[in-house]
1. Suppose we filter the range 157-186 for residues that are within 16 Å of the ligand (Cβ to nearest atom) and in contact with a helix residue (DSSP H, G or I) (Cβ under 6 Å, 6 or more places away or on another chain); how many remain?
2. Take residue 124 and tell me if it is surrounded by 14 or more Cβ atoms within 10 Å (Cβ to Cβ) and either out of contact with any helix residue (DSSP H, G or I) (no Cβ under 6 Å at 6 or more places or on another chain) or assigned to a loop (DSSP other than H, G, I, E, B) (or both).
3. Which residue out of 41, 53 is within 16 Å of the ligand (Cβ to nearest atom), in a helix (DSSP H, G or I), touching a residue at least 12 places away in the same chain (Cβ under 8 Å) and surrounded by fewer than 17 Cβ atoms within 10 Å (Cβ to Cβ)?
4. Could you grab me the full set of residues in the range 10-33 that are surrounded by fewer than 22 Cβ atoms within 10 Å (Cβ to Cβ), in a loop (DSSP other than H, G, I, E, B) and within 16 Å of the ligand (Cβ to nearest atom)?
5. For the range 67-109, which positions are outside any strand (DSSP E or B) and farther than 26 Å from residue 24 by Cβ?
6. Is at least one residue of the range 80-95 touching a Ser or Thr at 6+ places or on another chain (Cβ under 6 Å), more than 18 Å from residue 156 (Cα to Cα) and crowded, with 16+ Cβ neighbours inside 10 Å?
Amino acid sequence: MKKLNLGFDFDGVFTDCSKLKSYAARTLYNKEIPPEQCNWQHIVNGGILTAEQYRELQRQIYGERAFVSRTEAVPGAISYAQRFQQAGHNVKIVTARTDEWAYLAREWLLERGAHIPLTATRRRDKTEACKGLDLFVDDDLDKLIPLIGTVKHLYLFSWPCNQNTPLPREIQRVRSWYDIHTTIGVLSALGYSYPLI
Ligand SMILES: [Mg+2]
């Protein structure tokens, strides 16, 4: 069996950031914003919060334990990642979080029984950290584009806020962790071996 090197973003791939942002907007600013509209474009460009308020909201959801502990996993994230590990693949998380916020992400994973190495690029480009990966999944197109040419199989994790974003031909969409699992099956058919569990 050929082992695959699988890489995943953390926020928005393992965690449901939209729900958390919606909760934080209500708690911190008394604003009702549906999760599917919880992005910079809608909130800041739409004049609901100032840029400074939005940054403070981000600081709190990633850096304050009260919010981190309320962070929900994307359905299937932990169990599929564990299945990939059990099947012999290397699973790694590459996040643009700072070291301080990465520490809380590692804690969050361990609390859920997920033993997955996590590299923090401290708001920088992910290219160096993603060298050697066969596949990478991110919910942010701006993080995927620099990886073209470094990682062969690139996937945008779809959310309502990015569903209409046009993609370059090197990047495909996945809509769920089940989709990711299926995609790995397809890679197997293309010559990568993957045990069907
Ligand atoms: Mg993300």
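1. Here the count works out to 5.
2. Details: surrounded by 14 or more Cβ atoms within 10 Å (Cβ to Cβ): no; either out of contact with any helix residue (DSSP H, G or I) (no Cβ under 6 Å at 6 or more places or on another chain) or assigned to a loop (DSSP other than H, G, I, E, B) (or both): yes.
When the stated conditions are applied, residue 124 does not pass them.
3. The unique qualifying residue is 41.
4. Selection gives 12, 16.
5. From the range 67-109, those outside any strand (DSSP E or B) are 67-72, 74-89, 96-109; that's our starting set.
Result: 79, 80, 82, 83, 84, 85, 86, 87, 88, 89.
6. From the range 80-95, those touching a Ser or Thr at 6+ places or on another chain (Cβ under 6 Å) are 94; that's our starting set.
Retained after the next criterion (residues that are more than 18 Å from residue 156 (Cα to Cα)): none.
Scanning the range 80-95, I find no residue that is touching a Ser or Thr at 6+ places or on another chain (Cβ under 6 Å), more than 18 Å from residue 156 (Cα to Cα) and crowded, with 16+ Cβ neighbours inside 10 Å, so the answer is no.
None of the figures in this text is laboratory data; all of them are computed from the coordinates on show. Please read these numbers as outputs of a predicted model, since none were measured by experiment. When we count neighbours, we look across all protein chains shown, and the Cβ atoms used for this are built from the backbone with ideal geometry, even at glycine.
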